[in-house]
Amino acid sequence: MNISSCLSLDHLDRLTDSTGLIQHAIYSIPRRESGYTTDDNARALRLCARLWTERPDERMSKRVTCFLSFLEHARCPVRGFHNFLSYQRDWLDASGTGDCQGQAVLALAEVLASPLPDGCRALARELINAVLPALADLRSLRAQAYIIQAWSHLRNADVDDIEPIENLARLAAERLVECYYRSQRPDWPWFESRMTYANAVLPHALFNAAERWPNEPFLTVAESSFGFLDLVTTADNVFWPIGNRDWYSHGEEKSLYDQQPVEAATMADAALAALKLRGDEKYLSIFLRAHGWFHGRNSLEQPLADVQTGACFDGLAPTGVNRNQGAESTLAYLWTELHSFAAQEAQSARTKTAIASI
């Protein structure tokens with residue numbers, strides 16, 4: 001199966017202009033006043049670099065160039081990356097958020113580990129090296145998790161000269177474990193006193209770290225925290241993520257709405273990382289639940305994904321879907337769908353192997 005030919009990028013292209021990917025939409029129409037973010041353009045770069053690797057073509061190359069150029073422009077004169085760019089092309093922040101730095105490096109690692117042209121990979125390495133001092137000072141747990149994921153991707157692709165980012169990844173993994181032990185309670189095996197957004201990236205990063213450092217407590221913490229996250233986000237055998245209306249603080253009730261696509265995407269991503277490392281089929285079940293959330297297997301039994309255009313609604317509210325189709329939501333769906341095709345192929349291969357051994 002050619003994965004790239006199965007995904008529609010019509011809506012992604014609709015949201016993209018000569019500057020980059022516009023952040024929000026009114027229904028399916030780009031909301032220009034929302035401008036652009038490095039977060040979203042980094043996610044788009046990561047997706048398109050992966051799709052170009054699957055099937056190189058000129059159209060995908062142009063997408064990669066657009067989003068990579070945005071990241072180059074986002075480089076902050078002081079350190080790190082800016083995040084918010086107005087539609088008039090004025091930076092609205094003095095420096096980017098912590099999460100933005102992590103998302104950018106994760107996307108650049110995708111480029112550096114790919115067979116994209118030399119110029120793309122050289123720029124990706126230059127940008128990673130330039131931001132390394134800023135990465136060492138990050139306090140955001142999720143940004144640190146993205147750094148670990150970026151390093152893991154480079155390591156698995158046998159990219160040379162990654163010792164500096166490996167050192168940062170090791171420190172980041174140790175910080176995550178420290179936060180876990182500091183925050184955990186008998187009924188709360190988690191990294192913080194409150195679950196907020198993109199929760200699954202934290203155990204995901206520790207699954208990655210455990211692959212490199214099996215004698216550290218990374219795997220124990222990853223399995224415990226991810227099992228807890230799965231427990232609190234599963235109801236009636238459907239994925240029911242933490243809602244961003246009030247999040248989920250220890251000792252309080254979980255917020256049921258508004259459910260965000262990024263939660264399903266990061267949950268699916270983490271499940272595949274765990275499946276790769278542990279080989280336990282329960283992680284495939286977690287992936288399938290998270291993937292199914294986009295297609296109507298959710299608390300409201302309403303699909304969020306538009307398979308024909310590759311768009312995704314912005315979330316689930318108590319009364320139904322949020323009918324806007326912004327960049328983050330669309331990319332969350334596309335990334336998960338890409339992994340779904342890969343999971344189907346892997347599952348088919350395992351079935352053929354099992355049959356052949358009979």
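The values are calculated or read from the model by the stated rules, or taken from the named source; none is laboratory data. Here the structure is a predicted model, which means the values were calculated and not measured. As a convention, Cβ positions derive from the backbone with ideal geometry for all residues, glycine included, and neighbour counts pool all protein chains shown. The area values use the complete protein model at the heavy-atom level, side chains included, leaving out ligands, DNA and RNA. Shrake-Rupley method; radii C 1.70, N 1.55, O 1.52, S 1.80 Å.
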(message) Can you give me the % of accessible surface on the chain that is carbon or sulfur? Probe 1.4 Å, all protein chains present, nothing else counted.
(response) 49 percent
(request) Hey, can you grab everything whose amide H is under 5 Å from the amide H of Gly243? Only 5+ residues off in sequence or another chain; H modelled, so Pro and N-termini drop out. (result) Ser255, Leu256, Tyr257
(request) Give me the percent of Cα-Cα pairs in segment 1-154 that sit more than 27 Å apart, rounded to a whole number. (result) 20 percent
(request) Search the structure for amide H atoms under 5 Å from the amide H of Ala25, placed 1.01 Å from N in the peptide plane, and list their residues when 5 or more places away or on another chain. (result) Arg31, Gln325, Gly326, Ala327
(request) Return the single residue from Ala25, Ala270, Ala94 with maximal mean-square fluctuation; model: Gaussian network over the chain, springs between Cα atoms under 10 Å. (result) Ala94
(message) With the alpha-carbon atoms as the only input, what is the per residue convex hull volume for segment 252-330 in Å³?
(response) 111 Å³
(request) For segment 144-219, just run the numbers: alpha carbon Rg, then divide by 2.2 N^0.38 Å, N being how many residues it has. (result) 1.12
(request) Only loop residues by DSSP count here, and only those with at most 15 other Cβ atoms within 10 Å; note down the GluC sites (Glu not before Pro) in segment 283-342 that meet that. (result) Glu301
(request) Please give the per residue accessible area of the chain, computed with a probe of 1.4 Å over protein heavy atoms only, in Å². (result) 43 Å²
(message) Under 5 Å between amide hydrogens, which residues at least 5 positions from Phe81 or on another chain qualify, with H placed 1.01 Å from N in the peptide plane?
(response) Cys76, Gly96
(message) Over the Cα atoms, compute the radius of gyration (one decimal) and Dmax (the largest Cα-Cα distance, rounded to a whole number) for segment 108-175, in Å.
(response) 11.6, 36
(request) Please sort 137-146, 200-209, 181-190 by packing, taking for each peptide the average over its residues of neighbouring beta carbons within 10 angstrom, highest first. (result) 200-209, 137-146, 181-190
(message) Rg/Rh for segment 111-246 to two decimals, with Rh computed the Kirkwood way over all alpha-carbon pairs.
(response) 1.02
(message) So if I average 1/r over every pair of distinct C-alpha atoms in the chain and take the inverse, what Kirkwood radius in Å does that give?
(response) 20.6 Å
(message) What are the equivalent ellipsoid semi-axes of segment 188-277, built from the alpha-carbon gyration tensor (square roots of five times its eigenvalues), in whole angstrom, biggest first?
(response) 23, 14, 10
(request) Considering Cα pairs under 8 angstrom that are at least six residues apart, work out the relative contact order of the chain and quote it in whole percent. (result) 16 percent
(message) What is the ratio of the Cα radius of gyration of segment 42-128 to 2.2 N^0.38 Å, with N the residue count, to two decimals?
(response) 1.06
